[in-house]
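Down below is the structure, laid out as structure tokens.
The values are calculated or read from the model by the stated rules, or taken from the named source; none is laboratory data. These figures come from a predicted structure and were not determined experimentally. Heads up, the Cβs are rebuilt from the backbone with ideal geometry, glycines too, and the neighbour counts pull from every protein chain shown.
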Amino acid sequence: SRREEHNTDHFFKIILIGDSGVGKSNLLSRFCHNKFTLEFNSTIGVEFTTKTLIIDGKPIMAQIWDTSGHTKARPITDAYYRGATGALLVYDVSKHITFINTKKWLADLRNNADPNVVVMLVGNKLDVRQSVMVSTEVGKSFAEKESMYFVETSALRATNVENAFIDLVEKMYRSRI
Ligand code: GDP
Ligand code: MG
């Protein structure tokens, strides 16, 4: 029922943040529909997707928000952050600047989302890492320093994508108890 959907024990708002082009939309479509697209900025048209996960035998409804289009043209609004208790902070392991920019995204997140927001730092495009732009060690130590969880993924190859979302929801579920 509606009532159950919005029971905070069973309903989590999760947001995808990070620079344009890092693969946020493809991580979401890989997770929710097992789809990947080579097109950049294909507009999915919806602001969020919901997916029910079973954690400890209980159905958890994850409402996952994605920004459509360029975040430069349409800045992230308060409404996007509001009520979010989980976030996937995504960078592109083959583009160092996107990793540098996670600092700004994190600051913005911590200023605007729930104070106890659980964050998963996601190094995406593991499949295109040539000459190692952002090493696993660098990503991992930044995550530890900032009390984030950490995973490296490839939306293209479907590597660790399920883990990224499911681990986050599990951590959110456990941090709530
Ligand atoms: P967003 O702006 O963060 O939502 O990024 P998109 O999901 O639109 O992806 C931007 C571009 O990167 C698209 O051309 C995707 O096909 C590509 N892309 C996304 N994830 C991966 C990945 O894991 N590996 C590779 N090689 N390309 C990816
Ligand atoms: Mg996108």
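With the requirement that a residue be among the aliphatic types (A, V, I, L, M), near ligand 2 (Cβ under 9 Å from one of its atoms) and in contact (Cβ under 8 Å) with a residue 60 or more places away in the chain, what does region 9-34 give you?
Leu16, Val22
Please pick out the residue among Thr98, Thr102 that is farther than 16 Å from Leu168 by Cβ, of a type in the set (S, T, N, Q) and at pLDDT 95 or above.
Thr98
Which of the residues spanning region 124-138 are outside any loop (DSSP other than H, G, I, E, B) and more than 10 Å from ligand 1 (Cβ to nearest atom)?
Selection gives Thr136, Glu137, Val138.
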